[in-house]
């Protein structure tokens, strides 16, 4: 039984998230997903959607066997519980595979790191693109009101 782990913020669920999770699921028999805690997100703006709501949305997806919130302290803590065989990184996630592999080895976690290279090229296949579109529409709406 091959256990795959995927991680992410999953703020506004979109087709890019679905592709990432489906591709990760195809790597093994079980897919576990760690949903990032708001407190730990430092590489981009804080999510709009609460962590419990993001967890509920990810948990409802067919590709996902189990989803949990990440640790508020050590981001590696949940890996000791899940014991993944494979850690699947999305095509645009900020982790450096070699650095992650070294950290896993130092911590005694025996998991392969796989970068999902497949991505979608569509207008709204990232949270950042969705945010931008919302802001543009609001600005256009507001400019028409003057």
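Among the residues making up segment 106-144, a single one is modelled with pLDDT under 80 and over 24 Å from residue 48 (Cβ atoms): 144. Could you say whether any residue in segment 91-98 is surrounded by 17 or more Cβ atoms within 10 Å (Cβ to Cβ) and touching a strand residue (DSSP E or B) at 6+ places or on another chain (Cβ under 6 Å)? No, because not a single residue in segment 91-98 is surrounded by 17 or more Cβ atoms within 10 Å (Cβ to Cβ) and touching a strand residue (DSSP E or B) at 6+ places or on another chain (Cβ under 6 Å).
In the set 63, 24, only one residue is modelled with pLDDT of 95 or more and farther than 15 Å from residue 87 by Cβ; that residue is 63. Given the structure, is residue 31 in a helix (DSSP H, G or I) and at negative phi? Answer is no for this residue.
Residues that are without any contact (Cβ under 8 Å) to a residue 24 or more places away in the chain and out of contact with any helix residue (DSSP H, G or I) (no Cβ under 9 Å at 6 or more places or on another chain) were ranked within segment 1-43; the one that is surrounded by the most Cβ atoms within 10 Å (Cβ to Cβ) is 26.
The values are calculated or read from the model by the stated rules, or taken from the named source; none is laboratory data. Only a predicted model underlies this, so the values are computations on that prediction, with no experimental measurement involved. Cβ sites come from the backbone with ideal geometry, for glycine too, and all protein chains shown count toward neighbours.
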